[in-house]
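Nothing in this text is a laboratory measurement; each read-out follows from the coordinates by a stated rule. Fair warning: this is a prediction, and the values are worked out from it, not measured in the lab. We place every Cβ from the backbone using ideal geometry, glycine too, and count neighbours over all the protein chains shown.
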Amino acid sequence: MPLLQSYLQDQWVAGEAPHTDLVDPTTGEVVGQVSTRGLDLGSALHHSRTVGGPALRAMTFGQRGELLEGLAKVIHSERDALLELSRTSGGTTRGDAKFDVDGASGTMQYYAYLGKKLGDKRVLLDGESEGILRSKRFVGQHLLVPRHGVAIHINAFNFPAWGLAEKAAAALLAGMPVFSKPGTATCALTHRIMELWVDSGLLPAGAISLLVGSASDLLDHVGPQDCLAFTGGSSTAAKIRGHAAVVANNVRVNIEADSLNASILGPDVEPGSDTFQMFVNQVVTDMSQKAGQKCTAVRRIFVPNDLVEAASAALVERLSGVTVGKPGEKGVDIGPVASPSQHRSVQEGLEELGRVGSELWRGEAPEGGCFVRPGLFRVEGGLEAPFVHEHEVFGPAAAVMPYGGSAEEAVQLAAAGGGGLVVSVYSDDPEWAGPVVLGLAPWHGRIHWGSRKVHDQSPGPGTVLPNLVHGGPGKAGGGEELGGQRGLSFYLQRTAVQADRGLLDRILA
Ligand code: NAP
């Protein structure tokens, strides 16, 4: 039974017994073990701050971009083996594994390109210098410089490759060392990528650390220059935000949490039209891709009353062609959910959706392992509907909810989720969609507007792109990642320098 080790202070180190089992969710077989017991995480963070930080800050943005390009190539060069490991450690189909692994290398490539564009700079200017009061010589200039702490990344189980890479890309490019803690259930894939990176010899000493297993006392050792980026459930997020050392040191925190993403069909959309088909295809993709374990997957589907029958029938027809089964087998669209605990929680969620709504469709699933029968439900009650505006069933499940069709009601219903990562709107009528899109904006990090002219050009609302922000207000955590260069600012300190213009120009030249 392989015991996976953590990578701390530039060494592979094993935690002490008792160990936590890692399970292949397709078979239920134990495929590895981890433990963080007895590991000295305070010294590990100190090493990152004092060795990794200076090494990265000595590099220019361009050089850090080259590092990212190298790391992306390492992932790509072992792609097939990583896709296979994704299957045995996370139960993913090949398509789902590609989404994660190619998403990881693609995001790193994007930030590598950004690094090249920023070139030989080590400091970024934020806006232009401005004269202070009436002086032309005494000016203020905002600078962005790397913070001198560690970028601590705590990730969810659902994207073991992309989760590592999308956070590490922005932090490393900004010039901060990374300390990554993946979700334990699927950490074997993150661990393998880390092994490949270490073996490549590309990483400066102290630039990246990996902790496999529980977070242990990690947060007791955070300091005032550290940045903590978390992705996971809202109850864990609340514990992290309120952790005594995080609060005492005012650690910068970014939270990506639950999200009750909505899909809204406009009243102008004719059944069978390109826009209608786009809506149907994208809902079905979101329900089946990664067995619905995507933070951006649609959970609530709002359909005007007079389109509900047609939309439900079209969704059920498409879903009836979806196969749940063993990820390695041909023709399988949905694999198992990622772990036994996830299995319990999704089963409970599906049962609750069945209680608050009526079943439109349930798929079949193999016995054993962590398989669930996916489900589409119809839930009445609009704003007053129980469960659906509060609970995210993190699996292949969604609810169709009829509404009157007005722009105002569509916005109110989507906002009842309390703030989301992404919302999708399908309409060819700008008179209706205009107020919907602008009304939804304060409640969401991203809005995906599907319409006739782009029906065959969109990767779908569930795909997070490195050049657009990822994150959302309220329930979604209130955080923001990626968004191109915007993603660096979390790791950079914005400082206003007041000085003589000539002297300032000399140091910034
Ligand atoms: P989770 O249970 O909250 O765990 C997330 C991470 O936090 C894991 O690495 C976990 O470690 C760690 N953790 C747990 N307790 C901790 C503590 N007291 N201190 C420090 N770290 C702690 O979430 P999950 O089950 O992995 O993921 C599912 C949830 O994540 C869903 O609710 C989903 O909506 C959300 N999610 C959100 C996004 C987004 O971008 N907004 C993306 C993906 C997932 P262990 O694994 O060792 O317990």
Please express the Cα-Cα pair-distance distribution P(r) of segment 365-460 as a list of whole percents, one per 5 Å bin, running from 0 to the bin with the greatest distance.
2, 11, 19, 20, 20, 13, 8, 4, 2, 1, 0
If you build the convex hull over the alpha carbons only and average its shadow over all orientations, what do you get for segment 261-472? Give it in nm² to one decimal.
11.2 nm²
Sequence-distant or interchain residues sharing an amide H contact under 5 Å with residue 93, placed H: which?
335
Angle between the Cα long axis of helix 61-77 and the longest principal axis of the chain, 0 to 90 degrees, nearest 10?
50 degrees
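Using DSSP to define loop residues, name the trypsin sites (Lys or Arg not before Pro) in segment 129-198 whose beta-carbon has at most 14 other beta-carbon atoms within 10 Å.
Numbers: sites: 134, 136, 137, 147, 167, 192; in loops: 134, 136, 137, 147.
In loop regions of segment 129-198 (DSSP not H, G, I, E or B), the sparsely surrounded trypsin sites (Lys or Arg not before Pro) are 134, 136, 137.
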If you average the sequence gap of Cα pairs under 8 Å that are 6 or more apart and divide by the length of the chain, what percent do you get for the contact order?
18 percent
Could you work out [θ]222 nm for the chain from helices alone, using -39500 (n - 2.57) per DSSP H run of at least four and dividing by all its residues? Round to the nearest 500 deg cm²/dmol.
-11000 deg cm²/dmol
How are the C-alpha pair distances of segment 58-206 spread across 10 Å bins, as whole percents from the shortest bin up?
12, 37, 28, 13, 7, 4, 1
From the Cα trace of segment 1-139, what convex hull volume per residue do you get, rounded to a whole Å³?
184 Å³
I want to check the label-to-label distance for residue 429 and residue 94. Put each point 7 Å from Cα in the C-beta direction and report it in nm to one decimal.
4.4 nm
Based on other C-beta atoms within 10 Å, arrange 241, 344 from fewest to most.
344, 241
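Just add up the charged neighbours of residue 214: K/R +1, D/E -1, any other residue whose Cβ is under 14 Å from the Cβ of residue 214.
-1
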Per the rule of 0.36 nm per residue minus the C-alpha distance, extending residue 330 to residue 408 adds in nm 23.6 nm
Could you tell me which of rounded, prolate or oblate describes segment 178-239, using a ≥ b ≥ c as the square roots of the eigenvalues of the alpha-carbon gyration tensor, with rounded for a/c under 1.5 and, failing that, prolate when a/b is larger than b/c and oblate otherwise?
oblate
Zero-based 20 Å bins, Cα pair distances in the chain, whole percents
23, 53, 23, 2
Summed over the other residues with a beta carbon less than 12 angstrom from that of residue 141, with K and R at +1 and D and E at -1, the charge totals -3
D (µm²/s, integer) via Stokes-Einstein for segment 273-328, Kirkwood Rh across alpha-carbon pairs, 20 °C, 1.002 mPa s: value 175 µm²/s
Diffusion coefficient in µm²/s returned for segment 415-476 by Stokes-Einstein, Kirkwood Rh over C-alpha pairs, 20 °C and 1.002 mPa s, is 175 µm²/s
List 301, 75, 152 from most exposed to least, where exposure is judged by having the fewest other Cβ atoms within 10 Å.
75, 301, 152
Take every Cα pair under 8 Å in segment 366-509 that's 6+ residues apart, average their separations, divide by the length, and report that relative contact order as a whole percent.
17 percent
Add +1 for every Lys or Arg and -1 for every Asp or Glu among the other residues with Cβ under 15 Å from the Cβ of residue 225, and state the total.
+4
Can you return the aspartates and glutamates within cross-link range of residue 453? Criterion is Cα-Cα under 20 Å, with same-chain partners fewer than 8 residues away left out.
268, 270, 274, 428, 429, 431
Candidate lysines for bridging to residue 330, where Cα separation is under 18 Å - those fewer than 8 sequence places away on the same chain excluded
98, 290
Roughly how tilted is helix 79-90, in degrees to the nearest 10 and between 0 and 90, from the longest Cα axis of the chain?
60 degrees
Take the alpha carbon atoms of segment 124-200, find their radius of gyration, then divide it by 2.2 N^0.38 Å using N residues; give the quotient.
1.67
Antiparallel versus total DSSP beta bridges in segment 261-472: what percent is that, nearest 5?
15 percent
Ranked by Cβ crowding within 10 angstrom, fewest neighbours first, how are 46, 191 ordered?
46, 191
Between 0 and 90°, nearest 10: helix 308-320 axis offset from the chain longest Cα axis
70 degrees
What full-extension length gain, to one decimal in nm, is calculated for residue 134 and residue 234 as 0.36 nm per residue of separation minus the Cα-Cα distance?
31.1 nm
Going Cα to Cα from residue 475, which lysines come in below 16 Å? Please leave out same-chain ones fewer than 8 positions away.
239, 294
